[in-house]
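Heads up: the structure comes next, in structure tokens.
The values are calculated or read from the model by the stated rules, or taken from the named source; none is laboratory data. A quick note: this is a predicted structure, and the numbers were derived from the prediction, not measured. Glycine also receives a Cβ, built like all others from the backbone with ideal geometry; neighbour counts cover every protein chain displayed.
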Amino acid sequence: MDNEFLIDAKGLAKNYKMGQELIRALVSVDIKVKKGEYVAFMGPSGSGKSTLMNIVGALDTPTSGTYILNGNDVSKMSESDLATVRNKEIGFVFQTFNLLPRYSALENVALPLVYAGFSKKDRMARAQKVLEDVGLGNRSDHKPNELSGGQRQRVAIARALVNNPSIILADEPTGNLDSKTSYDIMALFKDLNEKGNTIIMVTHEEDIAAFAKRIIRLRDGVIESDKQNTEIRSVKPVSPEEFS
């Protein structure tokens, strides 16, 4: 594989059986993503974008085709190997934040490091550093119910970053946020991408996809278009005092 590409997928197909019916969620998808890219997957419900995200995120394997992630063939890995890839290579950001309610922001962020074998001291130091990077260093002892939606998503982003993953994979990251907070989160993603992080975002919102540098549109399990975004939206970064 050309080391220039972090993701190199060829002929990805995914079929599901629903009763007697065969659902072809992905038909034949080829996709390459370079290190440092910022890509949005777009498409209506049933387009295949979520299936593609699950394969890219090593949450599922394709029925056929190959998927090389950072030099490793993920296509036919066992569940335990997939779990290792997810923990090492991918930082997930979800629409619903997926934070543990009884844990502080610091403890939530440190959680992936438990599975990576870090000592408690190193886990907490590293988690505090990434919380500061996303502007929440002064909220580390707060529990999720003591934080706003935007702050909770920042904690989730810090948790995604804490393992220094190859990819940040964001699934509808602004779906539960109002417009202002959504744009604040997009400003953070822009900053992270400018620092070298590879970001893949799944969204159905045109205004959110417009922040990405490349937009891949799916329909009926195939790529309808794959284009560089020539009119990237920008948003003024907010200071930590303004974070909502």
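Here are some notes:
- Tabulated pairs, the stretch 96-125, first part of a helix (DSSP H, G or I), second among the aromatic types (Phe, Trp, Tyr) and surrounded by 14 or more Cβ atoms within 10 Å (Cβ to Cβ), C-beta under 9 angstrom, 6+ apart or interchain: 110/103; 110/118; 111/103
- Residue tally, condition surrounded by fewer than 19 Cβ atoms within 10 Å (Cβ to Cβ) and among the aliphatic types (A, V, I, L, M), over the stretch 46-71: 2
- So residue 159, is it over 15 Å from the mean Cα position of the chain (by Cα), within 22 Å of residue 197 (Cβ to Cβ), crowded, with 16+ Cβ neighbours inside 10 Å and among the charged types (D, E, K, R): no
- For the stretch 72-83, a tally of residues being surrounded by fewer than 16 Cβ atoms within 10 Å (Cβ to Cβ) and out of contact with any helix residue (DSSP H, G or I) (no Cβ under 9 Å at 6 or more places or on another chain) returns 6.
- Just one of the listed residues (87, 15) is at pLDDT below 90 and among the polar types (S, T, N, Q), and it is 87.
- Members of the stretch 178-191 found to be surrounded by fewer than 20 Cβ atoms within 10 Å (Cβ to Cβ) and either of a type in the set (A, V, I, L, M) or in contact with a His (Cβ under 9 Å, 6 or more places away or on another chain) (or both), listed by number: 187
- From the list 182, 148, the lone residue that is more than 18 Å from residue 89 (Cα to Cα) and without any contact (Cβ under 8 Å) to a residue 40 or more places away in the chain is 182.
- Failed item in (1) modelled with pLDDT under 90; (2) in a strand (DSSP E or B), with residue 176 passing the rest: (2)
- Filtered by the rule that a residue be at pLDDT 90 or above and either assigned to a loop (DSSP other than H, G, I, E, B) or small (Gly, Ala, Ser) (or both), the stretch 179-203 gives 182, 187, 195, 196, 197, 203.
- Residue selected from the stretch 93-122 under the condition aromatic (Phe, Trp, Tyr) and surrounded by fewer than 19 Cβ atoms within 10 Å (Cβ to Cβ), by the criterion modelled with the highest pLDDT: 103
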